[in-house]
1. Which of (1) modelled with pLDDT under 95; (2) within 16 Å of the ligand (Cβ to nearest atom); (3) under 27 Å from Arg535 (Cα atoms) does Arg389 not meet, given it meets every other one?
2. Go over the candidates Thr432, Thr413, Thr449 one by one and state the one that is modelled with pLDDT of 90 or more, out of contact with any Leu (no Cβ under 6 Å at 6 or more places or on another chain), within 14 Å of the ligand (Cβ to nearest atom) and not hydrophobic (A, V, I, L, M, F, W, C).
3. Small (Gly, Ala, Ser) and more than 23 Å from Gly597 (Cβ to Cβ): is that true of Ala462 in this structure?
4. Condition first: closer than 15 Å to Gln303 by Cβ and within 16 Å of the ligand (Cβ to nearest atom). Now tell me which residues in segment 339-359 satisfy that.
5. So Leu154 clears everything in (1) in contact (Cβ under 8 Å) with a residue 40 or more places away in the chain; (2) over 24 Å from Ile403 (Cα atoms); (3) of a type in the set (A, V, I, L, M, F, W, C); (4) touching a Leu at 6+ places or on another chain (Cβ under 7 Å) except one condition, right? Which one?
6. Determine if segment 366-385 includes at least one residue that is among the polar types (S, T, N, Q), touching an Asp or Glu at 6+ places or on another chain (Cβ under 9 Å) and farther than 18 Å from Lys608 by Cβ.
7. Of the residues Asp278, Asp245, only one is of a type in the set (Asp, Glu), modelled with pLDDT under 85 and surrounded by fewer than 14 Cβ atoms within 10 Å (Cβ to Cβ); which?
8. Do we have Ile321 as more than 15 Å from the ligand (Cβ to nearest atom), under 25 Å from Ile433 (Cα atoms) and buried (at least 24 other Cβ atoms within 10 Å of the Cβ) here?
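The values are calculated or read from the model by the stated rules, or taken from the named source; none is laboratory data. This is a predicted model, so every value here is computed, not measured. Here the Cβ positions follow ideal geometry from the backbone for every residue, glycine too, while neighbour counts run over all protein chains shown.
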Amino acid sequence: MCGILGYVGEKDAVPIILGGLRALEYRGYDSSGVVVANPGRLETVRAAGKLDNLVAKLAEHPLSGSLGLGHTRWATHGPPTEKNAHPHLDGKSRLAVIHNGIIENFLPLKRRLQAAGWVFHSDTDTEVVANLISSHAESSPDLGTAVARTLSELEGMYALGVIGLGSDGEPTGEIFAARKGPPLVLGVGQGENFLGSDPAGLLAHTRNVIFLENGDLARVTRDAIEIHDRSGQRVERPVQRLNWDPVQVEKGGYKHFMLKEIHEQAQAVQDTFGARVDFEERRLLLDGFADVADELRRIERIQILACGTSWHSALVGKFLIETLARVSVEVDYGSEYRYRDPIVDSGVLALGISQSGETADTLSALEAAGERGALMLAISNVPGSQITRISRATLYTHAGPEIGVASTKAFTTQLAALYLFALYLRQERGGTIEDEHLSGLAHLPLAITEALGAEAQIEEMARRFSRSEDFLYLGRGIHYPIALEGALKLKEISYIHAEGYPAGEMKHGPIALIDDELPVVALATGDDVVYEKVRSNIQEVKARGGLLIVVTDRDAEDLGSLAEAVIRVPRVSPLLQPIVTVIPLQLLAYFIGVRRGADVDQPRNLAKSVTVE
Ligand code: M6R
């Protein structure tokens, strides 16, 4: 949700913070702000709207200092105005706070503070934290003690950064970082240290990072990092070296991150199956899974838990696992699972899928399954993220940082990872891996590249369809989730209403929507039986005047007479076909969004990581 950045060292913190916030802006972009500590004063500049507004304000009111915090906000408490933008100072202007999360008991705390004379200038729960720390500071020997006392009173979820002035009015030269729920990572430098809500904001300066655990409180100075755990014990957390490439968080000549990330998919998918498949021995080697192999042999059912695009991956995963490993799979939304009474026992594998590894709904659902005895595993893209910490083993997608808010390469790499996982289950449960299972993988990167060859055609098509206000996406079998994903991409990026539907269900209702203004995207891919059925559905749409856009892996000639547009994708093995079929749908959403003038990388109201329920 919100992006957090902190710097302590000898350099000017402001450009470092702005650069980091730029890389974190995908986490929230309702407002942003920066604070630096200088002798005698904390100076802030904040602006509503995108980070560019803050940059413009800083050009008029420059700040500098070697200790500072920055924040980019996804609003929870209070509208996205300047007064609600972080950082928030306490009433005595002696400390500043940035926050990601929700303080659930902020109202009683605020009333208590107001009764004691504290005045509030914003609608946020964060300002309550600032004033609470300040009130404790009056009776605490140092800022760290005041922060710790405050944390013991907070209910809810938070990632917090705090800086302040000492009783002598001098900057204390320290950042306090506290985490309960949303992630926080420390960047370890030489004579300087960093704080971020995820590594993307730090990569330009260091790849050595420490992921804070839930309940940790860290004191970060330019030369040292001290961490105390939730019980107050001093602890050492490992320094991890990330192999993410800093260039990946730049646009590299593309107009938008989304387009760049669409184009990175061949490489990302290849990186995901890369070293995990021994083609000669026909074996799957999943790093970290040896420890759970015995349990995987014994599990009876699988429950996959995810949200949004990751939930669509889960639906494809059900096909893959049931077909390849013959284990029964249920798929649940994280946000629904925990509010029913799921039937879970030790025969259940709960598999959480989350690009960010931070999605609160997915994490809560996975934890709920774990509490009931399930084996907890994860598929995630972010090393060290929370889902990887609560799971016994994680299958990483090697997509690299995904900055565009709409998932593209995260989705296709999740599908590749699920395919590997299904084969691994098959292998560990006594099944044989045949050449036919692996040969499709080797061909996949090329097929993705070929699918991208339709880009110019799709850009041209976007001209024609960008004024439509509704779209219907139809798919069958393993391509039904791809219809859902195509519709979600269009909604997110262009704000056009779109529905994904199982093609066979159209006649049970949605067929009433079809008229000569409704574009219908039909996925005519897959095995012969499914293809023929979809072809019949295409005829039904045509008979009612619908505007057909057909994506197919077949000879397009016979479809050409039915459709306004036919997009050809290469044919790969049926269980891998969704990875290729989704590519033109991503491009269609992208180009329609661009034509409509939408902010495709940062669509309105969304955030990349949804760390609140
Ligand atoms: O990080 P996660 O995979 O857990 O995120 C889940 C969803 O929030 C995410 O997929 C969302 O739907 C994207 N905006 C899709 O493009």
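1. (3)
2. Sole residue among the options that is modelled with pLDDT of 90 or more, out of contact with any Leu (no Cβ under 6 Å at 6 or more places or on another chain), within 14 Å of the ligand (Cβ to nearest atom) and not hydrophobic (A, V, I, L, M, F, W, C): Thr413.
3. Values: small (Gly, Ala, Ser): yes; more than 23 Å from Gly597 (Cβ to Cβ): no.
No, not satisfied.
4. If the condition is that a residue be closer than 15 Å to Gln303 by Cβ and within 16 Å of the ligand (Cβ to nearest atom), then Ala350, Leu351, Gly352, Ile353, Ser354 are the ones that fit.
5. Answer for Leu154: the failing condition is (4).
6. The answer is no, given that none of the residues of segment 366-385 is among the polar types (S, T, N, Q), touching an Asp or Glu at 6+ places or on another chain (Cβ under 9 Å) and farther than 18 Å from Lys608 by Cβ.
7. Selected residue: Asp245, the only one of Asp278, Asp245 that is of a type in the set (Asp, Glu), modelled with pLDDT under 85 and surrounded by fewer than 14 Cβ atoms within 10 Å (Cβ to Cβ).
8. The answer is yes for Ile321.
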